[in-house]
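Please treat every number below as a calculation from the coordinates, not as lab data. Everything numeric in this text was worked out from a predicted model, so none of it was measured. Positions of Cβ are backbone-derived with ideal geometry, glycine not excepted, and every protein chain shown enters the neighbour counts.
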Amino acid sequence: MAGRYASPALCRGKTQSKGFTLIELLVVIAITATLMAILMPALSLAREQGRRTVCMANVRRLAVSLKMYADTNDDRFPPRSPAVHRVCHGRPVPADEPPMDMVSQ
C-alpha cells in the first residue's frame, strides 16, 4: 500500500530535484518588481515628509534661539556678519568690508 502513494520517480530510484525552475524564478522576480514599483512612490513621499519635518524643526530651533538672544540683549537681534551676507548673496566678501547693516545708506 505504501508504494501506491509514492512518486513514480522515487520508485525507480531517481532522486527528486530540490531547486527552482527558471519559470518559478522569473515569476518571483516579476512579483518583486511589481511590488517595488507600487511601493517606491510611497517611500519617496515618506522620505520627503521626513525632510520637511526636520527642516521645520531646524527653523523652529533657530527662531527660538534668536528670540532667546533678543530677550537677553534688549530686544536686539545678533549683528549680521559678512559670512551670512556671502551665503545669502553668493558673492565673495572681502575681510575688510563691513557688514551690510553697518554700511551707511
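With the simple spin-label model, which puts each label point 7 Å out from Cα in the Cβ direction, the residue 77 to residue 57 separation comes to 2.5 nm. The length gained on full extension between residue 39 and residue 24, counted as 0.36 nm times the residue separation minus their Cα-Cα distance, comes to 3.1 nm. Using the Cα gyration tensor of region 13-68, with a ≥ b ≥ c the square roots of its eigenvalues, what is the shape: rounded (a/c below 1.5), prolate (a/b larger than b/c) or oblate (neither)? Taking the square roots of the gyration eigenvalues as a ≥ b ≥ c, region 13-68 is prolate.
Which trypsin sites (Lys or Arg not before Pro) in region 48-77 pass both tests, a DSSP loop state and at most 13 other beta-carbon atoms within 10 Å? Sparse-neighbourhood loop trypsin sites (Lys or Arg not before Pro): 76.
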